[in-house]
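Reviewing the structure listed below.
The values are calculated or read from the model by the stated rules, or taken from the named source; none is laboratory data. Treat the numbers as computed from the prediction; the structure is a model and nothing was measured. Methodologically, a virtual Cβ is constructed for each residue, glycine included, from the backbone with ideal geometry; neighbour enumeration extends over all protein chains shown. Accessible surface areas use protein heavy atoms only, side chains included; no ligands, DNA or RNA. Shrake-Rupley method; radii C 1.70, N 1.55, O 1.52, S 1.80 Å.
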Amino acid sequence: MLRLRIPIFFIFFALFCVCTTVSTLAQAVYQDKPYAQDYSIKYYVAKSNAALIGLACDRNGVIQVLSADGLLRPANGYFLSPGTLLPDQTYRPMQTMNVTALDLYKDQLVYLDKRAVVSNAWAGKLFTEHQLPQPKLFAGGTDFTFLVSDGKALHVVKEAKMAWKGAMPNDELISVQFQPEANLFWLLGKKSLSTLSGKDYKLTTVFNGAGFTSFALTAKSQKIIIGTDNGYIEFDAAGKKQIGAIHQKIPCPEITAVADINGKLWFGSTNGAFALRSDGQFDYYNGERWLPGNQVVQIISGPDNSALILTTAGLARIETRLMTLHEKAQFYDNQVRTRHIRNGFNATLAHMEKGNLATGYMEDSDNDGLWTSMYLAGEIFRYAVTKDKQALQNCRESLDAMERLYTITPVHGFPARSFERAGLTAKLHDSERWQPSPQAGWDWKSTTSSDEVIGHIFAFGAMAELVDDKPLQRRAITLIDTLMSHIISHDLYLIDFDGKPTMWGKWNPKYVNAFPINVGDRKLNSSNIVAMLQTAYHFTKKEKYKTKAFELMQKHGYLENLMRPMSVIGKAPDDADEHSKHMSDGWNHSDDEMYFVGYWGLYRYAFNDTLKAKFKQAILDHWEVERPEKEGAWNIFTALTGTKTFDLNEAIWYLQEFPLDLIDWEIANSQRKDIELIPENFRRQTTKNVLPPDERPIQRHNGNMFTMDRKQGNGTSEHSAGDIWLLPYWMGRYLGVISPPVAK
């Protein structure tokens, strides 16, 4: 017997190659470890005209706000349920005291009134008179020494003694802080920065400028950050000199407050608050998603590593919680199930009173079927991964609603956009589109469009394949067959109750190929109908679907249409018809949604491997132009092709950065000085880099991710997370590119 002696090196080398090949061929997987998720608890001032002056929080977590009417305290605030700033009555003597400022000293609340520096800590023994008739500012030094000022005069007091008197040289004092390790008071005027030694009380001006508004010592006292009315300045505390140029490429350069909270720099401004990240960019907090008002008065550290932001309209407590994506999914699942399920549909909560969830109602929508299809698909993926009985029941209830869209109309195979109990038509959207149903007591909405149809086929196909419940599978396949039989029997049109095609339900070559080759609808409709026919054939095995698909691809150029590169898509030529020009006046993000939900059936149920390879090429070509949007769903959908490159990090960024608060608050970003605007373009991209989801308006996947502002309907509606977030998350879990939660 011949024995081969192979050196151990080659054995290890071979094993290394095998392992490397396996990891190289596999898609990247995000390990779902806890990340920092922030949210806001808001407290509005009870009196709209109350002037809020200062803020402090002691070692016990007691928060006090100073107003022109006295001390206030936050009450009854929870996430999504704002509280109120009410008069603080806990210490009765304080109610008659004329407090002009409050601060912390040795982590205890200390007050400045017309006569003295006082506190209820230390058994109430602190009572140090300052001899200033109009005191405004103070700060504590060593051994219960306090610097008190009226903006001009400077008094240093300790116990019952006046230790030193002086005055600001040619400036008005606006803020004072103490540096313990240097035994030094830092004094900020409107145009100067000075020091006052706590040892010999030597007053020295160390820096001159203009427009100073606020300042903060960094955690290690190495730098002083000076806020101005046009940016902020870094100042070397030891070298007594400015560091670099003034920072003006920031969200809002009109700085009103500066704070160092746990080593992170925070800024308040006349238009929101922002925090400096480690990468040099800013987290921006604008609008009532985060703040009661955008005019910031003060920022300090709060309980449990929170940031407290006082505005002219109230107080915000920015909390940070460690959570996994799976925990976020559980939070959103509760949001959907408790206030966004209407007749089984995934609905919007509308007509609320300024964010009050108890005042809204679930409204009808043109796209009840589409939003529900996308939510249903997410629950299908959830069930496929977890076998959770609640997920399965959610699937049943949504399928009930989807199925009834077909039975409530008088036209076989034609799905309604929505349905509602009779008698409410005048209160529903597009009241002229509603029709009485053959089912007594109900109305249904007509004019169903192609985006509804592709959404239906996506969800029904996913259910037929992935849900191991035979009755549900049969119902889903029946619905696929019913819808597609209607479309084929009507010459690739969706025929409404009036016997006419709906405006958008058209896949006939005469319609599709009438568009110039660079108009998106020609490519889109070709891609969608092939995907739908493939799905129908895959589950029914009826040759009519396969035959029609190949007829469209080979005889009518639909394969060429759907393979056409996205770089070709643009505005119709000058000699095109008006409809083509109208349909190509700019990039349509609803088309993106239709493409990607259709890609499930286009790629997964491809007739053969040759077509599958081509379809993968088309999907990746589309994904490439979408990359600047960092759209979580489109990146996850692209992963279904098995490609190793699908921007997983950006998908996770989208999922992590999406706010827990999905209320539609007014928000403004277009005025920011830290963003780079780009010229108007066909894709309607407004900035070089897309903003994080928690800094921009809430949008579904058919929205433009580069939309920067929302200027109406402040707090009047709440989006459902069902289609926006739960779909990409659970699809990512099903595809294996997002792991189950990793133990903390």
remark   = Being open to solvent by 20 Å² or more (accessible area, probe 1.4 Å), of a type in the set (S, T, N, Q) and out of contact with any His (no Cβ under 8 Å at 6 or more places or on another chain) narrows 324, 312 down to just 312
inquiry  = Conditions first: (1) among the charged types (D, E, K, R); (2) open to solvent by 30 Å² or more (accessible area, probe 1.4 Å); (3) part of a helix (DSSP H, G or I). Residue 452 passes all but one, so which condition is the exception?
reply    = (2)
request  = For residue 118, indicate whether it is buried (at least 17 other Cβ atoms within 10 Å of the Cβ) and either in contact with a Cys (Cβ under 8 Å, 6 or more places away or on another chain) or within 19 Å of residue 198 (Cβ to Cβ) (or both).
outcome  = no
query = Restricting the search to the range 625-637, which residues are crowded, with 17+ Cβ neighbours inside 10 Å and either free of Cβ contacts under 8 Å to residues at least 40 places away in the same chain or assigned to a helix (DSSP H, G or I) (or both)?
reply = 626, 629, 632, 633, 634, 635, 636, 637
query = Looking at (1) in contact with a strand residue (DSSP E or B) (Cβ under 6 Å, 6 or more places away or on another chain); (2) surrounded by 20 or more Cβ atoms within 10 Å (Cβ to Cβ), which is the one condition that is false for residue 459?
reply = (1)
ask   = From the residues in the range 186-205 that are open to solvent by 30 Å² or more (accessible area, probe 1.4 Å) and touching a residue at least 24 places away in the same chain (Cβ under 8 Å), which one is nearest to residue 256 (Cα to Cα)?
value = 205
Which numbered condition residue 418 fails, given (1) open to solvent by 10 Å² or more (accessible area, probe 1.4 Å); (2) over 30 Å from residue 739 (Cα atoms); (3) not hydrophobic (A, V, I, L, M, F, W, C) = (1)
inquiry  = I'd like to know if the range 208-216 contains one or more residues that are touching a residue at least 40 places away in the same chain (Cβ under 8 Å), open to solvent by 20 Å² or more (accessible area, probe 1.4 Å) and farther than 26 Å from residue 115 by Cα.
reply    = yes
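Among the residues of the range 48-61, write down those that are surrounded by 12 or more Cβ atoms within 10 Å (Cβ to Cβ) and either under 24 Å from residue 81 (Cβ atoms) or touching a helix residue (DSSP H, G or I) at 6+ places or on another chain (Cβ under 6 Å) (or both). Walk me through it before giving the result.
Within the range 48-61, the subset surrounded by 12 or more Cβ atoms within 10 Å (Cβ to Cβ) is 50-59.
If the condition is that a residue be surrounded by 12 or more Cβ atoms within 10 Å (Cβ to Cβ) and either under 24 Å from residue 81 (Cβ atoms) or touching a helix residue (DSSP H, G or I) at 6+ places or on another chain (Cβ under 6 Å) (or both), then 50, 52, 55, 57 are the ones that fit.
Against the definition (among the charged types (D, E, K, R), within 30 Å of residue 596 (Cα to Cα), open to solvent by 10 Å² or more (accessible area, probe 1.4 Å) and not in a helix (DSSP H, G or I)), how does residue 366 come out, yes or no? Spell out the reasoning first.
Values: among the charged types (D, E, K, R): yes; within 30 Å of residue 596 (Cα to Cα): yes; open to solvent by 10 Å² or more (accessible area, probe 1.4 Å): yes; not in a helix (DSSP H, G or I): yes.
When the stated conditions are applied, residue 366 passes them.
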inquiry  = Suppose we filter the range 474-505 for residues that are within 35 Å of the chain's Cα centre (by Cα) and not small (Gly, Ala, Ser); how many remain?
reply    = 5
task = Would you be able to tell me the number of residues in the range 515-549 that are within 15 Å of residue 608 (Cβ to Cβ), among the hydroxyl-bearing types (Ser, Thr, Tyr) and open to solvent by 10 Å² or more (accessible area, probe 1.4 Å)?
result = 2
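For the subset of the range 270-307 comprising residues that are aliphatic (A, V, I, L, M) and surrounded by fewer than 24 Cβ atoms within 10 Å (Cβ to Cβ), which member is nearest to residue 52 (Cα to Cα)? It would help to see each step written out before you state the result.
Taking the range 270-307 first, the residues aliphatic (A, V, I, L, M) are 273, 275-276, 291, 296-297, 299-300, 307.
Subset that is surrounded by fewer than 24 Cβ atoms within 10 Å (Cβ to Cβ): 275-276, 297, 300, 307.
On the way: 275: 22, 276: 25, 297: 8, 300: 15, 307: 17 Å.
The extreme case among them is 297.
Suppose we keep only residues that are in a strand (DSSP E or B), of a type in the set (A, V, I, L, M, F, W, C) and open to solvent by less than 30 Å² (accessible area, probe 1.4 Å) within the range 74-101. Which one would you say is farthest from residue 151 (Cα to Cα)? Full working, then the answer.
The initial filter retains those residues of the range 74-101 that are in a strand (DSSP E or B), namely 74-75, 78, 81, 83-87, 99-101.
From the residues that got through so far, the ones that are of a type in the set (A, V, I, L, M, F, W, C) too are 75, 85-86, 99, 101.
Remaining after also requiring open to solvent by less than 30 Å² (accessible area, probe 1.4 Å): 75, 85, 99, 101.
Values: 75: 33, 85: 28, 99: 16, 101: 13 Å.
Top of the filtered list is 75.
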key: Subset of the range 603-624 [open to solvent by less than 20 Å² (accessible area, probe 1.4 Å) and farther than 12 Å from residue 638 by Cα]   = 605, 611
message = Within the range 27-73, take every residue that is β-branched (Val, Ile, Thr) and not in a loop (DSSP other than H, G, I, E, B) and give me the one that is nearest to the chain's Cα centre (by Cα).
response = 41
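Whether any residue in the range 483-490 is within 28 Å of residue 408 (Cα to Cα) and open to solvent by 60 Å² or more (accessible area, probe 1.4 Å) is what I want to check. Walk me through how you get there before you give the answer.
Narrowing the range 483-490 to residues within 28 Å of residue 408 (Cα to Cα): 483-490.
If we keep only those that are open to solvent by 60 Å² or more (accessible area, probe 1.4 Å) as well, we get 489-490.
Yes.
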request  = Please find, among 243, 226, 250, 300, the residue that is in a loop (DSSP other than H, G, I, E, B) and of a type in the set (Val, Ile, Thr).
outcome  = 250
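Matching residues to (1) open to solvent by 40 Å² or more (accessible area, probe 1.4 Å); (2) modelled with pLDDT under 95; (3) more than 17 Å from residue 518 (Cβ to Cβ):
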{"site": "562", "(1), (2), (3)": "no, no, no"}
{"site": "566", "(1), (2), (3)": "no, no, no"}
{"site": "572", "(1), (2), (3)": "no, no, no"}
{"site": "575", "(1), (2), (3)": "yes, no, no"}
{"site": "596", "(1), (2), (3)": "no, no, yes"}
{"site": "599", "(1), (2), (3)": "no, no, yes"}
task = Give the residues of the range 41-80 that are modelled with pLDDT of 95 or more and among the acidic types (Asp, Glu), sorted by residue number.
result = 58
ask   = Of the residues in the range 123-141, how many are out of contact with any His (no Cβ under 7 Å at 6 or more places or on another chain) and farther than 21 Å from residue 199 by Cα?
value = 9
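Restricting to the range 421-444, and then to whatever is part of a loop (DSSP other than H, G, I, E, B), open to solvent by 40 Å² or more (accessible area, probe 1.4 Å) and not small (Gly, Ala, Ser), can you tell me which residue is nearest to residue 489 (Cα to Cα)? I'd like the intermediate steps shown before the answer.
Of all residues in the range 421-444, those part of a loop (DSSP other than H, G, I, E, B) come to 422-424, 428-430, 437-441.
Narrowing further to those that are open to solvent by 40 Å² or more (accessible area, probe 1.4 Å): 422-424, 429-430, 438-441.
From the residues that got through so far, the ones that are not small (Gly, Ala, Ser) too are 424, 429-430, 438-439.
Values: 424: 34, 429: 31, 430: 29, 438: 23, 439: 25 Å.
Ranking the qualifying residues of the range 421-444, first place goes to 438.
Take residue 671 and decide whether it is open to solvent by 30 Å² or more (accessible area, probe 1.4 Å), within 30 Å of residue 454 (Cβ to Cβ), part of a loop (DSSP other than H, G, I, E, B) and at pLDDT 95 or above.
Values: open to solvent by 30 Å² or more (accessible area, probe 1.4 Å): yes; within 30 Å of residue 454 (Cβ to Cβ): no; part of a loop (DSSP other than H, G, I, E, B): yes; at pLDDT 95 or above: yes.
The answer is no for residue 671.
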note = Log entry, pairs with first residue in the range 602-616 being touching a residue at least 60 places away in the same chain (Cβ under 8 Å), second being assigned to a helix (DSSP H, G or I) and open to solvent by 30 Å² or more (accessible area, probe 1.4 Å), beta carbons closer than 6 Å, six or more apart or on different chains, reads 605/538; 606/612
message = Looking only at the range 434-482, how many residues end up being under 23 Å from residue 597 (Cβ atoms) and in contact with a Lys or Arg (Cβ under 6 Å, 6 or more places away or on another chain)?
response = 4
task = Could you give me the residue pairs with C-beta distances under 8 Å whose first residue belongs to the range 99-120 and is among the acidic types (Asp, Glu), whose second residue is modelled with pLDDT under 95 wherever it lies, and which are 6+ apart or on separate chains?
result = 113/97; 113/98
request  = Please enumerate the residues belonging to the range 670-718 that are small (Gly, Ala, Ser) and without any contact (Cβ under 8 Å) to a residue 12 or more places away in the chain.
outcome  = none
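Can we say residue 740 is at pLDDT 95 or above and part of a strand (DSSP E or B)? Break it down stepwise before answering.
Values: at pLDDT 95 or above: yes; part of a strand (DSSP E or B): yes.
Against the criterion (at pLDDT 95 or above and part of a strand (DSSP E or B)), residue 740 qualifies.
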